[in-house]
Amino acid sequence: MTKLKTDHILFATILAMVAFGLVMVYSASSAVAVLRYNYDSYYFAIRQLGWAVGSFCVLMFFKRLDYRKLNSATWAFSGLGMVLAALILVFVVDSRQHRWFRFPGIGSFQPSEFAKPALILFLAYFIARRSQVINAKRTLAQAGLAISVLALLVVVSDLGTAMVPVITALIVLWVAGLEKKILAGLMGVGLLLVVGAIASKGYRLDRALSFVDPKFEMVDRIDPTGTIRRYTNHVDGGRDTSYQPRQSLIAVGAGGPFGIGLMEGKQKLMFLPEAHTDYIYASVGEELGLVGTVGLLFGFLIILWRGARLFVLSREDFGKYLALGVTVAIVVQALMNISVVLDLAPTKGFPLPMISGGGSSLLSTLICMGMLLSVGEHEG
């Protein structure tokens with residue numbers, strides 16, 4: 001088989017999306033930086049640019065590294081081990097949210113974001129060796145243990161962040177040949193665990209119930225004593241559960257077909273929370289309209305296309321499942337973020353890959369994209 005060269009379509013798409021993300025981060029954050037934090041208007045954009053430069057260097061490292069060198073226990077288990085250790089450490093260091101390492105003058109670092117590349121690499125390594133016995137009890141026990149431990153540690157800080165690698169793992173295992181009855185059982189167990197995780201914290205339950213029953217009318221009929229309201233601390237019209245999706249839909253609707261113009265958005269002016277991070281897709285919709293949002297979707301479709309192409313072309317199982325894992329993770333996270341922004345799913349913090357502000361998310365994503373590019377560049 002002829003050696004594949006750099007996938008210039010995929011590489012150009014990544015560069016274009018990161019550059020577009022930098023523009024949108026500045027547009028969505030400049031006013032908030034001044035009004036809320038008394039920072040310079042370029043504050044968040046400069047920080048994001050710094051992360052982008054560093055993350056691109058890491059992408060180039062993985063792009064040039066023959067992906068087959070990653071097919072070793074050293075890479076597979078050390079990556080998983082470092083993320084697990086960081087998640088345990090952040091639980092102690094960040095006693096309130098169990099989410100961030102904070103470095104004065106530098107910013108914050110979210111280790112849970114790196115569960116995604118660590119688990120993808122581990123799964124590719126694991127399946128490449130166990131693909132013929134993927135449904136064996138020993139195989140399922142080993143894979144289940146790694147996924148469960150990682151997911152449980154991430155759930156402690158952020159349920160939403162845990163969902164992306166878990167959903168990715170299920171899809172990759174299904175494609176690898178996992179029997180439907182086993183997959184259904186795993187999905188059932190996963191659903192029960194998600195329900196338990198949601199019910200374990202009042203604010204999570206409030207968000208979920210508010211999505212299906214915004215006025216709590218059904219809840220009040222089921223629970224006339226108000227126990228659930230008190231547990232969730234629910235207030236009708238409360239900011240946390242209904243404010244964000246409402247403001248997001250206003251922003252998207254105001255943009256119309258072509259938007260009101262870059263830098264001209266109104267919802268980012270203290271109305272739409274997290275306009276430059278989790279809800280940046282709403283800012284794109286307001287300022288660039290349907291054209292901008294569809295263009296952004298097209299970028300993720302290109303990633304899906306090129307990733308699926310590499311999955312088909314790769315001769316080695318490790319390359320196949322590495323490409324599949326990266327592609328699924330990026331596309332699933334993008335769809336989940338967009339669903340929340342459009343109020344098609346309960347409110348949850350999902351950064352939009354390569355677009356949302358946030359250094360940890362960008363670095364994690366570009367590590368994944370570097371591995372994907374390596375599969376194409378070094379396949380032979």
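The values are calculated or read from the model by the stated rules, or taken from the named source; none is laboratory data. Fair warning: this is a prediction, and the values are worked out from it, not measured in the lab. With ideal geometry, Cβ positions are generated from the backbone for all residues, glycine too; neighbour counts draw on all protein chains shown.
Considering only residues in region 174-192 that are in contact (Cβ under 8 Å) with a residue 24 or more places away in the chain and over 19 Å from the mean Cα position of the chain (by Cα), the one that is nearest to Gln97 (Cα to Cα) turns out to be Leu186. Taken over region 42-54, the residue count meeting the criterion of being touching a residue at least 60 places away in the same chain (Cβ under 8 Å) and under 16 Å from Phe11 (Cα atoms) is 1.
Looking across Leu89, Leu22, Leu15, one residue alone is under 16 Å from Cys368 (Cα atoms) and either small (Gly, Ala, Ser) or in a helix (DSSP H, G or I) (or both). It is Leu15. Here Gly259 qualifies as in a loop (DSSP other than H, G, I, E, B), touching a Leu at 6+ places or on another chain (Cβ under 6 Å) and under 17 Å from Val25 (Cα atoms).
Condition test on Pro273, is it surrounded by fewer than 20 Cβ atoms within 10 Å (Cβ to Cβ) and within 27 Å of Asn38 (Cα to Cα)? Walk me through how you get there before you give the answer.
Details: surrounded by fewer than 20 Cβ atoms within 10 Å (Cβ to Cβ): yes; within 27 Å of Asn38 (Cα to Cα): yes.
Here the answer is yes, as Pro273 does meet what is asked.
Let's see how each residue does on (1) out of contact with any helix residue (DSSP H, G or I) (no Cβ under 7 Å at 6 or more places or on another chain); (2) farther than 17 Å from Thr277 by Cα; (3) in a helix (DSSP H, G or I):
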residue	(1), (2), (3)
Ala28	no, no, yes
Asn38	yes, yes, no
Ser41	no, no, no
Ala45	no, no, yes
Gly50	yes, no, yes
Val53	yes, yes, yes
Phe56	no, yes, yes
Leu59	no, yes, yes
Phe62	no, yes, yes
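Would you mind finding the one in Leu249, Leu186 that is aliphatic (A, V, I, L, M), at pLDDT 85 or above and either crowded, with 18+ Cβ neighbours inside 10 Å or within 30 Å of Ser27 (Cα to Cα) (or both)?
Values: Leu186 fails: at pLDDT 85 or above.
The conditions single out Leu249.
Within region 122-147, being surrounded by 18 or more Cβ atoms within 10 Å (Cβ to Cβ) and of a type in the set (S, T, N, Q) holds for one residue alone: Thr139. Condition first: in a helix (DSSP H, G or I), charged (D, E, K, R) and either surrounded by 23 or more Cβ atoms within 10 Å (Cβ to Cβ) or at positive phi (or both). Can you find one or more residues in region 301-317 that meet it? Scanning region 301-317 turns up no residue that is in a helix (DSSP H, G or I), charged (D, E, K, R) and either surrounded by 23 or more Cβ atoms within 10 Å (Cβ to Cβ) or at positive phi (or both).
Being surrounded by fewer than 23 Cβ atoms within 10 Å (Cβ to Cβ) and under 23 Å from Ala33 (Cβ atoms) holds for only one residue in Gly289, Gly359, Gly295, and it is Gly359. Among residues that are at pLDDT 85 or above and of a type in the set (D, E, K, R), Arg221 is included.
Taken together, Ala86, Ala45 contain a single residue that is touching a Pro at 6+ places or on another chain (Cβ under 8 Å), buried (at least 17 other Cβ atoms within 10 Å of the Cβ) and either at pLDDT 95 or above or farther than 21 Å from Thr327 by Cβ (or both), which is Ala86.
With closer than 30 Å to Arg129 by Cα and either hydrophobic (A, V, I, L, M, F, W, C) or at pLDDT 90 or above (or both) as the only criterion, which of Lys63, Lys5 stands out? Lay out the reasoning, then the answer.
Details: Lys5 fails: either hydrophobic (A, V, I, L, M, F, W, C) or at pLDDT 90 or above (or both).
Only one candidate qualifies: Lys63.
Taking the condition of being assigned to a loop (DSSP other than H, G, I, E, B), modelled with pLDDT of 80 or more and touching an Asp or Glu at 6+ places or on another chain (Cβ under 7 Å), how many residues in region 97-138 meet it? Talk me through it step by step, then tell me what you get.
Our first condition is that a residue be assigned to a loop (DSSP other than H, G, I, E, B); within region 97-138, this holds for 97-100, 104-106, 110, 134-136.
Retained after the next criterion (residues that are modelled with pLDDT of 80 or more): 110, 134-136.
Within this subset, residues satisfying the condition of being touching an Asp or Glu at 6+ places or on another chain (Cβ under 7 Å) are 135.
Looking only at that region, the number is 1.
Against the test of being more than 16 Å from Pro351 (Cβ to Cβ) and among the polar types (S, T, N, Q), the options Ser41, Ser29 yield a single qualifying residue, Ser41. Checked against (1) surrounded by fewer than 15 Cβ atoms within 10 Å (Cβ to Cβ); (2) touching a residue at least 40 places away in the same chain (Cβ under 8 Å), Cys57 passes all but a single condition, namely (2). Taken over region 122-150, the criterion of being under 20 Å from Met187 (Cβ atoms), touching a residue at least 40 places away in the same chain (Cβ under 8 Å) and among the aliphatic types (A, V, I, L, M) is satisfied by Leu123, Ile127, Ile134, Leu140, Ala146, Val149, Leu150. What about Asp278, is it touching a residue at least 24 places away in the same chain (Cβ under 8 Å), over 26 Å from Phe56 (Cα atoms) and acidic (Asp, Glu)? No.
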